[in-house]
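Here the structure is laid out as structure tokens; the discussion comes afterwards.
The values are calculated or read from the model by the stated rules, or taken from the named source; none is laboratory data. Given the structure is predicted, the values throughout are model-derived calculations rather than measurements. Cβ coordinates were reconstructed from backbone atoms using ideal geometry, including for glycine residues, and neighbour counts include every protein chain displayed. When the accessible area is computed, the model is the full protein with side chains, heavy atoms only, and any ligands, DNA or RNA have been set aside. Shrake-Rupley method; radii C 1.70, N 1.55, O 1.52, S 1.80 Å.
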Amino acid sequence: MKFELTEEHLMIQKAARDFAQNELLPGVIERDNEQRFPAEQIKQMGELGFLGMMVDPKYGGSGLDTISYVLAMEEISKVDASASVVMSVNNSLVCWGLEKFGTEEQKEKYLKPLASGQIIGAFCLSEPEAGSDATSQKTTAIDKGDHYLLNGTKNWITNGSTASVYLVMAQTDVEAGHKGINCLIVEKDQEGFVVGKKEDKLGIRGSDTHSLMFQDVKVPKENRIGEEGFGFKFAMKVLSGGRVGIASQALGIASGAYELALKYSKERKTFGKEIGKHQAIAFKLADMATEIDAARLLCIKAAWMKDNGQNFDRAGAQAKLFASSVAMKTTVEAVQIHGGYGFVKEYHVERLMRDAKITQIYEGTSEIQKIVISRDILRD
Ligand SMILES: Cc1cc2nc3c(=O)[nH]c(=O)nc-3n(C[C@H](O)[C@H](O)[C@H](O)COP(=O)(O)OP(=O)(O)OC[C@H]3O[C@@H](n4cnc5c(N)ncnc54)[C@H](O)[C@@H]3O)c2cc1C
């Protein structure tokens, strides 16, 4: 067993770190305040190959492994979790799903522009009454011979207004339950597709989260991913990979807050010495560093298992469960270490604290991760 990163991994980590520091850091506070999507930065991320990291170069991707993706996600998330959620959705949910399960025509038409970052995608499973219980789909895709007629509402969709391509889960055969769900590729300009209201959020405020409405949208049969009724299985498989991305996002939020807290602990003086020399603060830093290391190992283990063709469902859920809890804990402590300065925007840690919360909610809440993990343990 080797704990060292390869030369290539280190290079990618550095490229992501430089990009985050040089391009994302300036303006991140303003974008958060104004709920402004980092459009220019996302375009640059596409050009640098960060939006289709694991996709085969023949489909416009960077052809890298999942460990590289974890490392890049951590660096980007240290600075701007709004940019990293766009990266995570596009890489793990949209590109990976299309590459693994799409037809050659779908890959040519949709994966190429998505993986090369010319356009971005969205993954549409959640509905007003279907979140954790994703089998309760009310959106319908009625079979009309050569096309499906799509009707319904999706909620909380990341990249809701900025995506060009949407992977939409919908119920075709109600009697068949979750085996009657299909995943359809929908294009933004299709008639009857309406982007609804933008959510005003606690964190990741630079990302655009919208509800979407489909009113008699005609989706050609060739836009279905996989066999008839494969949609729910597709969503679960794709979300399993997505959890590695969100776990890495949580890891990055935690390590970003830790680095700021460490720096501040060496600068700020009280009672004649740096606050880091007070044991109460030093011990907080010790806990943060230990938990972040553990979270990173879980993320890299899940990524390694994925790259080696092993079942990583439990490893991904464990990484997400743990890293998201570390993100919450670390960011709260980072604010505490900054004292009053931690409570204002200029010092970044309050934003990281607000951003951390979502990692315990989306792509399966922490409670749902515990269901995934415990089912696997009890099956063993
Ligand atoms: C900013 C943001 C972006 C998002 N982006 C996307 C996206 O791009 N695409 C998409 O499809 N969805 C997206 N989501 C939706 C997200 O995945 C759901 O919000 C999440 O899965 C939880 O569903 P819910 O909100 O309906 O909560 P509910 O399922 O109603 O859960 C409410 C509470 O009950 C708990 N709970 C539910 N069932 C159980 C159970 N069986 N046992 C124990 N506890 C349980 C939950 O853990 C939670 O604490 C996003 C959400 C947000 C807020």
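When averaged across all projection directions, what area in nm² does the alpha-carbon convex hull of the stretch 291-349 cover?
So the Cα hull casts an average projection of 4.5 nm².
Are any of the pairs K43/K154; K221/K306; K138/K301 more than 28 Å apart by Cα-Cα distance, and if so, which?
On the way: K43/K154 26 Å; K221/K306 31 Å; K138/K301 37 Å.
Beyond 28 Å between Cα atoms: K221/K306; K138/K301.
Mind grabbing the base-10 log of I(q)/I(0) for the stretch 261-372 at q = 0.17, 0.19 Å⁻¹? Debye formula, identical points on the C-alpha positions, no solvent, two decimal places.
Debye intensities relative to I(0), on a log10 scale: -0.84, -0.96.
Quick one: helix 313-337 against the long Cα principal axis of the chain, what's the angle to the nearest 10°, folded into 0 to 90?
40 degrees
What lysines could a cross-link reach from K266, if we take a straight Cα to Cα line under 16 Å and drop same-chain neighbours fewer than 8 places away?
K277, K284
If one takes the longest principal axis of the Cα atoms in the chain, at what angle in degrees, from 0 to 90 and to the nearest 10, does the Cα axis of helix 366-379 lie?
Helix 366-379 sits roughly 80 degrees off the main axis of the chain.
Can you tell me, using C-alpha contacts under 8 Å and at least 6 residues apart, the relative contact order of the chain as a whole percent?
The normalised contact order for the chain reaches 16 percent.
Which aspartates and glutamates, on any chain, are close to K263 with Cα under 13 Å apart, when same-chain ones fewer than 8 places away are left out?
Candidates past the 8-residue exclusion: E274.
Would you calculate a helix-derived [θ] at 222 nm for the chain, using -39,500 (n - 2.57) for each DSSP H run of n ≥ 4 and dividing by the full residue count, to the nearest 500?
Rounded to the nearest 500, the figure is -15000 deg cm²/dmol.
If you take the C-alpha gyration tensor of the chain, multiply each eigenvalue by 5 and take the square root, what semi-axes do you get, largest first, in whole Å? Let's see the in-between values first.
Numbers: eigenvalues 265, 88, 79 Å².
Value: 36, 21, 20 Å, ordered largest first.
Once both axes come from the Cα atoms, what is the angle between helix 279-307 and the longest principal axis of the chain, in degrees from 0 to 90, rounded to 10?
Approximately 30 degrees, to the nearest ten.
Going down the list K201/K329; K14/K112; K100/K144, which pairs span over 23 Å between their C-alpha atoms? Please report the intermediate quantities before stating the final value.
On the way: K201/K329 20 Å; K14/K112 26 Å; K100/K144 27 Å.
Over 23 Å Cα-Cα: K14/K112; K100/K144.
With a 1.4 Å probe and all protein chains left in place, how much of the accessible area of the chain comes from carbon and sulfur atoms, in whole percent?
On the way: 9070 of 16840 Å².
Within the chain, the accessible surface is 54 percent carbon and sulfur.
Calculate the all-directions average of the projected area of the stretch 58-173's alpha-carbon convex hull, and give it in nm².
The Cα convex hull of the stretch 58-173, projected and averaged over all directions, gives 8.4 nm².
At D146 and V194, where each label point lies 7 Å from the Cα along Cα→Cβ, what is the point-to-point distance in nanometres?
That separation, rounded to one decimal, is 2.8 nm.
For the stretch 197-281, what does the accessible surface come to per residue with a 1.4 Å probe? Please give it in Å². Write out the running numbers ahead of the final one.
Values: 3740 Å² over 85 residues.
On a per-residue basis, the stretch 197-281 sits at 44 Å².
Taking the solvent-accessible surface of protein heavy atoms with a 1.4 Å probe, what is the per residue accessible area of the stretch 1-53 in Å²?
Ligands and nucleic acids excluded, the result is 62 Å² per residue.
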